[in-house]
Amino acid sequence: MKKILFLIYLFFIAVAINAQDNSFLIYSVKGNVSVVENKIESKAKIGKIITGNTSLKLADGSVATLICNEAAMFTIKKAGSYTLSQFKDSCETHSSSVSANYVKYVWNQMTAGHEGSPGSNRKAFMSTVGAVSRSVNNIWIDPRLDTINYSNGDFPLSWKSYADAKDFEFSLYTSPDGGTPLYKNTLSKMKISIPSFASRLKPGNTYYWTSAVKGETNDEIKVLNYVEKPVYEMVLNKLKAEGPAYESDAEQAYRTAFGLEDARYLSEAYQYYLRAATLKPDMPLYRSTLMSFKKDYEIK
């Protein structure tokens, strides 16, 4: 009998410990939201990690969105004081409208130390990964540019050269097999802006491009989808709608940028990373990600 009572006691201890075992990250806040830890109250700050023992106080009209255990996101919208251990059910991983990859990415960026700058390892949390380049010529094109969906904005197609060359030839085709180029240009820089030849493109069509040292050829072909505006707007609206019950305009812009980059809308992703950094200039992650994005895609 004593053994049974002891096992029951251990069970309840385990349940109690498990209830306090969750960790929470403050993702977004609106209004007057404060954190109470060890009877000390302080203003809730985005990126702060708190435990189940912590209390969150919301004044009238205030909202807080949290990430729990790297996997789940939920929002508290009603004024009051809450011990976070009561949100255990909200920490369970289940089908959610918010991208699981994005939730894991934000948790990772705001809680862990990094060898590189914050936001520089975005691809590790995205579902689309470029193919390994097998080109043996003097030009290397980043696998990130294997396929681009483009609707609007100023964005460069870029490459690097292993040769000490001064001139490069950019070629645009209507077929993956090449043939006569739809557009060809000789450049001294190792990049070309899409708007410089966009007038030759027809929305809804797919084009193929490559670059080579002038006088040489390059069999490595990349894809450029010129997406019709209504199609892009459907993608954009879907991404915006997939957010939590509450997030600020800056958080929405950053999440949208992450989703657009993952969907290969690179020009449009840049616009939203820029918007996030502009709306919240005091957020290091947003500023650092923007700089990393610009470096990745040769944006000056």
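Laboratory data are not the source of any read-out in this text; all were calculated from the coordinates shown. What you see is a predicted model, and the numbers here were worked out from it, not measured in a lab. A quick note on method: Cβ atoms are made from the backbone with ideal geometry, for glycine too, and the neighbour counts reach across all protein chains shown.
Which of Cys68, Ile141, Gln271 sits closest to the plus end of the dipole of the chain, meaning its Cα is farthest towards the positive end, when Lys and Arg get +1 and Asp and Glu get -1 on the C-beta?
It is Cys68.
Given +1 on the Cβ of Lys and Arg, -1 on the Cβ of Asp and Glu, and no further charges, what dipole in debye does the chain carry about its Cα centre, rounded to the nearest 20?
About 580 debye.
Using θ = phi - 60° and the Karplus form 6.51 cos²θ - 1.76 cosθ + 1.60, what ³J(HN,Hα) does each residue of region 156-166 get, whole Hz, x for Gly and Pro?
Once rounded to whole Hz, the list reads x, 9, 10, 7, 10, 10, 8, 9, 7, 9, 9.
Shape call for region 139-226 from the C-alpha gyration tensor, a ≥ b ≥ c root eigenvalues: rounded (a/c under 1.5), prolate (a/b greater than b/c) or oblate?
Prolate.
Give a residue-ordered list of calculated ³J(HN,Hα) values for region 74-85 (Karplus: 6.51 cos²θ - 1.76 cosθ + 1.60, θ = phi - 60°; whole Hz; x for Gly, Pro).
With the stated coefficients, region 74-85 comes to 8, 10, 10, 10, 9, 4, x, 10, 10, 7, 5, 4 Hz.
For region 164-300, rounded, prolate or oblate, judged on the Cα gyration tensor with a ≥ b ≥ c (square roots of eigenvalues), a/c < 1.5 rounded, else prolate if a/b > b/c?
Because a/c hits 1.5 or more and a/b fails to exceed b/c, region 164-300 counts as oblate.
Per the helix-only calculation at 222 nm, which mean residue ellipticity applies to the chain, given -39500 (n - 2.57) for every DSSP H run of n ≥ 4 and division by its residues, nearest 500 deg cm²/dmol?
That calculation yields -9000 deg cm²/dmol at 222 nm.
With +1 assigned to the C-beta of every Lys and Arg and -1 to the C-beta of every Asp and Glu, and no other charges, what is the dipole magnitude of region 20-96 about the Cα centre in debye, to the nearest 20? Mind dumping the intermediate values first?
Details: 9 positive and 7 negative charges, 67 e Å.
Computed about the Cα centre, the dipole is about 320 debye.
How do Asp167, Asp282 line up, fewest other C-beta atoms within 10 Å first?
The most exposed by this proxy come first: Asp282, Asp167.
Using the 10 angstrom Cβ neighbour count as an exposure proxy, how do Ser288, Ser196, Ser28 rank, fewest first? It would help to have the intermediate numbers written out before the result.
Working: Ser288 18, Ser196 15, Ser28 23.
By the 10 Å Cβ count, ascending, the order reads Ser196, Ser288, Ser28.
If you fit an axis through the alpha-carbon atoms of helix 229-241 and take the longest principal axis of the Cα set of the chain, what angle between them do you get, 0 to 90°, nearest 10?
Roughly 20 degrees between the two axes.
Positive end of the charge dipole of the chain (Lys, Arg +1 and Asp, Glu -1 on Cβ, about the Cα centre): tell me which of Ile194, Ser34, Ser120 has its Cα farthest that way.
Value computed over the given set: Ser34.
Once you have the Kirkwood Rh of the chain from its Cα pairs, apply Stokes-Einstein at 37 °C and 0.692 mPa s and quote D in µm²/s.
149 µm²/s
Helix 284-296 sits at what angle to the longest principal axis of the chain, using alpha carbons and giving 0 to 90 degrees rounded to 10?
With rounding to tens, the tilt is 20 degrees.
About its Cα centre, how strong a charge dipole does region 143-222 have in debye, to the nearest 20, once Lys and Arg get +1 and Asp and Glu get -1 at the Cβ?
280 debye
Taking Cα pairs under 8 Å and at least six residues apart, what relative contact order does the chain come out at, in percent?
16 percent
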